[in-house]
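Chemist: The structure follows.
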Amino acid sequence: MTNRLYEKAYEAANACVQCGYCLPACPTYASMGKESASPRGRIHLVKMAAEGKIDVLRDLRPPIDLCLGCRACEAVCPLNVRYGKILEAAREEIVVQQSARPAPGDRLTRMLLKNVFPHPGRLRRLGDLGRFLQVSGLLRLVRFPGANRLLPERLTYFAKALPAIPPAGERLRFGHVYPAKGKRKARVALFAGCVMDAVMFRIHRATVSLLTAVGAEVAVPAGQCCCGALHLHQGMTDEARKLARRNIEAFERCEADWIAGNAGGCGAAIKEYGRLFADDPEWTARARRLAGKLKDISEILLELGPLPFVNGPETVVTYQDSCHLLNVQRVGRAPRVLLEQVPGVRLAEMEGADRCCGSGGIYNLLHFSESMAILDEKMERVRETGAEVVISGNPGCILQLQIGIERAGASRRMRSVHLAEFLAERCGL
Amino acid sequence: MGMEKQAVWLKDLFDIFPKERVLTDLADRHAYSFDASMGEYLPVAVVQPQSKEQIQRLVRLANSHRIPLYPRGSASSLSGGPLPVYGGVVVDMSAYPKRLTIDTENMLAIATPSVITAELHRKAEEAGLFYPPDPSSSSVSTLGGNLMENAGGPKGLKYGTTKDYVIGLEVVTPTGEIIRTGGKTVKNVTGYDLTRLLVGSEGTLGIVTEAILRLIPKPRARRTVMAAFPRFEDSGYALTRILGAQILPSAMEVMDEYCIRAVEEYEPSGLPLDAEAILIIEVDGHPAAVEEEAAQCEAICREHGAALVRAAATAEEQAQIWKARRLISPAIARLGPTKISEDATVPRGRIPDMMKRLRQIREKYRLNLVVFGHAGDGNLHPNILTDRRNAEEMARVEKAIGEIFAAAIELGGTLSGEHGIGLMKKPFMEMELGKEGVDMMRKIKEAWDPNNIMNPGKIFPDRNEADR
């Protein structure tokens with residue numbers, strides 16, 4: 001039992017010399033102020049569990065559950081310890097042991113991840129339901145004072161922060177190719193994802209407009225699905241592997257020069273598909289090939305640009321790094337360079353822009369109060385910049401920051417948008 | 001220590017601290033069982049004091065129940081300083097309230113022990129001032145930890161170490177008194193210099209709750225020179241000549257051939273693979289002086305056979321040179337998962353002899369032993385890369401470490417330049433200080449801490465009856 005964890009994670013965990021250089025980078029160490037909430041502490045606990053000195057469910061699970069998975073620790077580690085791998089192995093082991101006695105919350109999460117997220121059609125219907133609730137005004141009921149007593153606090157915040165869902169007809173069509181404007185410079189396949197495709201597809205629209213504007217032909221391969229990151233983070237490695245295979249097949253058929261990602265977390269998951277098939281050289285090779293083609297939209301726009309900006313109002317913006325875009329894909333410069341090119345825009349850097357906002361996939365749903373402690377601190381840093389627009393490159397961060405804006409009572413003077421949406425606005429697209 | 005007795009005082013901790021500041025979960029206890037050295041000891045509980053009064057009450061409780069207390073900063077110690085070797089209570093001072101005041105008029109900093117060293121560096125620089133002690137862990141280490149271990153770093157030769165900057169302390173003593181030592185003046189000869197006694201006492205004589213630190217004007221310019229020598233001895237001659245030319249570099253780092261190869265294999269940057277030594281020399285001060293001195297350093301290195309000399313003026317060029325030094329850690333980590341980092345220090349002139357001895361030890365015990373360090377002050381860092389799961393190799397490692405200590409002392413040096421004695425070097429104390437020397441230190445410890453509750457099990461060699 002413990003040997004499974006030993007085999008999967010011990011080698012990687014044992015590479016940590018516990019120097020502590022990761023401590024200043026860790027958002028949960030900062031907010032919780034104890035060593036079991038630090039990367040070094042968590043790695044040590046994985047080691048202890050692998051050695052059988054502590055219990056996986058009773059002792060290891062709480063500190064592992066409270067990790068955001070932002071992987072800022074990996075970016076600063078002087079020894080390149082693979083924290084992501086250690087974390088995944090621990091989560092997987094927790095799921096295996098937990099499956100004997102699942103908690104009600106786990107069951108619901110897992111049911112959704114297994115039966116809803118892998119199916120774009122089902123997700124789209126949920127998205128349409130969301131639009132109905134928004135348009136009919138039913139969702140506005142959460143703004144009434146009494147609603148707080150009926151609904152958990154976290155859900156009322158999510159309902160308020162959710163951007164307006166456009167009509168279903170505006171969704172991208174799977175299997176469709178959007179031609180380049182002017183001379184065709186490249187063929188790009190867009191990764192649509194799950195939540196982005198079902199609910200936040202306005203960002204996809206903006207992404208396609210920008211890419212075609214700089215001369216990319218954009219294909220939206222049919223057969224693609226959720227990247228599997230959420231599953232992996234919940235320790236459902238088998239599910240993640242199934243989804244990865246479907247995506248690898250769908251994108252191989254498309255034969256694009258690049259795969260464009262506009263969600264930092266999904267892009268990072270695809271970049272690391274190779275790790276899922278450690279025992280299978282053929283799938284590993286296919287996964288690596290796919291990963292090699294993946295680029296964040298900001299990188300592609302910078303390479304094919306310049307974008308056709310139009311004059312717009314003077315605006316102060318700030319950019320929040322998506323952890324997985326920065327720490328796993330190592331993309332931090334391109335979005336900033338693009339923002340600095342926009343006429344009338346001043347990019348005001350916030351202190352700690354590279355620190356997690358507390359979104360962490362569905363961490364904010366599962367660990368609401370811990371997440372809000374990190375978010376409220378983040379919003380202080382945002383406020384200091386005087387920005388009217390908070391820009392990010394990942395749907396989870398955008399929602400989380402909008403929740404932060406709602407909590408700060410600043411929704412009249414500030415909004416949170418995706419980089420693509422903001423750039424498209426400023427190109428008049 | 002029976003279970004029943006333990007339960008009695010465990011309950012008492014909650015009378016002193018709010019319950020969120022007493023950690024007793026198994027996971028939390030394990031998370032405070034280690035530092036950056038190899039040891040691992042499980043405490044009974046961890047507390048996070050928020051005031052000196054809480055610490056005072058804790059210390060009094062510890063005296064009445066004989067509870068071992070283990071004060072700790074960020075636990076980046078390489079000598080086992082904060083390890084709770086007899087269980088007891090880890091006192092997590094990294095969670096103590098952080099207060100830092102820069103007094104520009106008197107060129108002082110007044111800080112609580114939880115302030116991170118790099119934060120002091122930043123705040124001092126904002127005021128045009130400078131706090132030189134710069135251990136490589138400065139981005140995580142606490143000032144409290146630095147003080148207790150008397151931390152050094154690459155700037156020791158020109159600027160000294162932590163002890164040269166601490167002029168006043170507020171301390172909770174091992175018997176629970178709150179005392180102040182020194183003060184806000186650089187000159188102070190009122191009574192014994194307890195400040196100096198406490199700095200470097202490895203947490204055995206009390207828990208610091210405030211420190212007064214001296215700052216100096218920030219040097220206006222800085223230049224860096226890197227030189228690669230085909231023969232190790234030549235790097236030593238070059239070093240002596242530079243100092244002989246009345247140049248006092250702010251840093252003089254050396255790396256040996258095994259480091260060079262490891263770094264170059266890890267990330268090729270054009271370091272010569274046939275070099276036996278690389279020196280990185282940094283001079284700081286007035287811009288005009290710095291320029292002249294850097295040119296002189298370059299010329300001297302060339303005269304002494306350096307095959308490659310690189311000079312850096314801009315910040316980026318400097319960063320490029322320091323990168324080679326920074327890459328040592330990840331590069332040598334690939335030689336083995338367990339890293340044992342020593343800091344035996346010899347008089348500067350004996351560095352070539354020490355290098356020769358280290359090479360012999362490397363060959364005799366067939367180990368991955370690499371050497372880098374602060375050549376200017378004779379503070380070398382022999383690092384052994386091994387695997388703690390390999391019992392046979394660990395036995396050789398232990399013997400090799402003993403021989404490294406013996407060599408340093410024979411050459412007129414010391415067991416530890418900056419990491420502290422902690423656990424691993426305890427048995428060698430008499431070798432350096434003699435029985436009488438160790439006894440004198442022990443008497444001080446016994447006078448301050450009659451019940452031996454403050455970081456017991458450190459520094460002093462175990463007696464027959466052990467410390468407890």
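Taken together, the values in this text are just the output of simple stated rules run on the coordinates, not laboratory data. Predicted, not measured: the structure shown is a model, and the values here were computed from it. Methodologically, a virtual Cβ is constructed for each residue, glycine included, from the backbone with ideal geometry; neighbour enumeration extends over all protein chains shown.
Chemist: List the pairs from A:Lys34/B:Lys98; A:Lys183/A:Lys293; B:Lys52/B:Lys187; B:Lys399/B:Lys435 whose alpha-carbon separation is above 18 Å, in the order I gave them.
Modeler: Too far apart for the 18 Å limit: A:Lys183/A:Lys293; B:Lys52/B:Lys187; B:Lys399/B:Lys435.
Chemist: Shifting gears a bit: Can you compute the FRET efficiency between A:Arg288 and A:His119 using 1/(1 + (r/R0)^6), with r the Cβ-Cβ distance and R0 = 30 Å? Round to the nearest 0.05.
Modeler: FRET efficiency, A:Arg288 to A:His119: 0.65.
Chemist: Separate question: As an exercise, take the mean of 1/r over every pair of distinct alpha carbons in the range A:1-125, invert it, and state the Kirkwood radius in angstroms.
Modeler: On the way: mean 1/r = 0.0648 Å⁻¹.
Computed over the range A:1-125, the radius equals 15.4 Å.
Chemist: Here's a follow-up. Pairs of alpha-carbon atoms within less than 8 angstrom and 6+ residues apart define the contacts here; what relative contact order does chain A have, in percent?
Modeler: After rounding, I find 15 percent.
Chemist: Additional query: Could you give the radius of gyration (one decimal) and Dmax (whole number) of the Cα atoms in the range B:267-425, in Å?
Modeler: 17.5, 56
Chemist: Taking the Cα centre of chain A as the origin, how large is its charge dipole in debye, to the nearest 20, when only Lys and Arg (+1) and Asp and Glu (-1) carry charge on their Cβ atoms?
Modeler: Here chain A has a charge dipole of around 940 debye.
Chemist: Go through A:Val345, B:Thr162, A:Ser411 and say which Cα lies farthest out towards the positive end of the charge dipole of the protein assembly as shown; charges sit on Cβ, +1 for Lys and Arg, -1 for Asp and Glu.
Modeler: The listed residue farthest towards the positive side: A:Ser411.
Chemist: Taking N as the number of residues in the range B:335-410, what is its Cα Rg relative to 2.2 N^0.38 Å?
Modeler: Details: Rg = 12.0 Å, N = 76, 2.2 N^0.38 = 11.4 Å.
Normalised Rg, Cα atoms only: 1.05.
Chemist: Note down the magnitude of the dipole of chain B about its Cα centre, charges +1 on Lys and Arg C-beta and -1 on Asp and Glu C-beta and zero elsewhere, to the nearest 20 debye.
Modeler: Dipole magnitude for chain B comes out near 660 debye.
Chemist: Which entries of B:Lys163/B:Lys443; B:Lys155/B:Lys458; A:Lys53/B:Lys425; A:Lys53/B:Lys339; A:Lys47/A:Lys85 show an alpha-carbon separation above 20 angstrom in the structure shown?
Modeler: Correct reply: B:Lys163/B:Lys443; B:Lys155/B:Lys458; A:Lys53/B:Lys425; A:Lys53/B:Lys339.
Chemist: Which value, in debye to the nearest 20, describes the size of the charge dipole of the range B:251-340 about its Cα centre when Lys and Arg Cβ atoms bear +1, Asp and Glu Cβ atoms bear -1, and nothing else is charged?
Modeler: Computed charge dipole of the range B:251-340: roughly 480 debye.
Chemist: Can you report the principal axis dimensions of the range B:296-355 using only the alpha carbons, biggest first, rounded to whole angstrom?
Modeler: The Cα atoms of the range B:296-355 stretch 39, 32, 19 Å along the principal axes, largest first.
Chemist: Cα-based Rg of chain A per 2.2 N^0.38 Å, rounded to two decimals?
Modeler: The reported ratio for this selection is 0.96.
Chemist: Which value, in nm² and rounded to one decimal, describes the direction-averaged projected area of the C-alpha convex hull of the range A:305-429?
Modeler: Details: hull surface 29.5 nm².
For the range A:305-429, the mean projected area of the Cα convex hull comes to 7.4 nm².
Chemist: Each label point is 7 Å from the Cα along the Cα-to-Cβ direction; what then is the distance between the points at B:Glu177 and B:Gln50, in nm?
Modeler: 3.0 nm
Chemist: What percent does the relative contact order of the range A:264-328 come to when contacts are Cα pairs within less than 8 Å and at least six residues apart? Walk me through the numbers before you get to the answer.
Modeler: On the way: 44 pairs, mean separation 29.2, N = 65.
It comes to 45 percent, rounded to a whole number.
Chemist: In percent, how large is the relative contact order of the range B:336-468, given Cα pairs closer than 8 Å and 6 or more residues apart?
Modeler: 26 percent
Chemist: Put +1 on the Cβ of each Lys and Arg and -1 on the Cβ of each Asp and Glu in the protein assembly as shown; which of B:Ala289, B:Gly128, A:Ala37 then has its Cα farthest toward the positive end of the dipole?
Modeler: A:Ala37
Chemist: Same structure, new question: Compute the label zone of A:Ser99 within the range A:56-71: residues whose backbone N is under 19 Å from the point 7 Å along Cα-to-Cβ.
Modeler: Residues passing the 19 Å test: A:56-58, A:61.
Chemist: Using the reciprocal of the averaged 1/r over all distinct C-alpha pairs, how large is the Kirkwood radius of the range A:356-429 in Å?
Modeler: Final number for the Kirkwood radius of the range A:356-429 is 12.6 Å.
Chemist: Provide Rg over Rh for the range B:34-115; use the alpha carbon set for both Rg and the Kirkwood Rh (inverse mean inverse pair distance).
Modeler: Working: Rg = 14.8 Å, Rh = 14.0 Å.
My calculation of the ratio gives 1.06.
Chemist: Now for a separate question. Evaluated at 4 °C with a viscosity of 1.567 mPa s, what Stokes-Einstein diffusion coefficient in µm²/s does the range B:221-329 have when Rh comes from the Kirkwood expression over alpha-carbon pairs?
Modeler: 95 µm²/s
Chemist: At what distance in nm do the modelled label points of A:Glu349 and B:Asn106 sit from each other, each positioned 7 Å from its Cα along Cα→Cβ?
Modeler: Computed distance between label sites A:Glu349 and B:Asn106 equals 3.6 nm.
Chemist: Something else now. Work out the mean other chain Cβ neighbour count within 10 Å for the residues of B:66-76 and drop it here as an integer.
Modeler: That works out to 2 on average.
Chemist: Give me the Debye-computed log₁₀ of I(q)/I(0) at q = 0.18 Å⁻¹ for the range B:100-217, equal point scatterers on Cα only, no solvent, two decimals.
Modeler: -0.87
Chemist: What is the average number of partner chain Cβ atoms found within 10 Å of a Cβ in B:29-41?
Modeler: 5
Chemist: What Kirkwood hydrodynamic radius do you get for the protein assembly as shown when you take the inverse of the mean 1/r over all pairs of distinct Cα atoms, in Å?
Modeler: Numbers: mean 1/r = 0.0334 Å⁻¹.
Kirkwood radius, the protein assembly as shown: 30.0 Å.
Chemist: Now for a different question. How big, in percent, is the set of alpha carbon pairs in chain B lying more than 33 Å apart? All intermediate terms of the calculation are to be shown ahead of the outcome.
Modeler: Numbers: 42668 of 109278 pairs.
So the portion of pairs separated by more than 33 Å is 39 percent.
Chemist: Let me ask you something else. Rg and Dmax of the range A:229-284, Cα atoms, in Å?
Modeler: Over the range A:229-284's Cα set, Rg and Dmax evaluate to 11.4, 32 Å.
Chemist: Quick check: convex hull of the Cα atoms in the range B:5-148, volume per residue, rounded to a whole Å³?
Modeler: Per-residue hull volume (Cα only) is 113 Å³.
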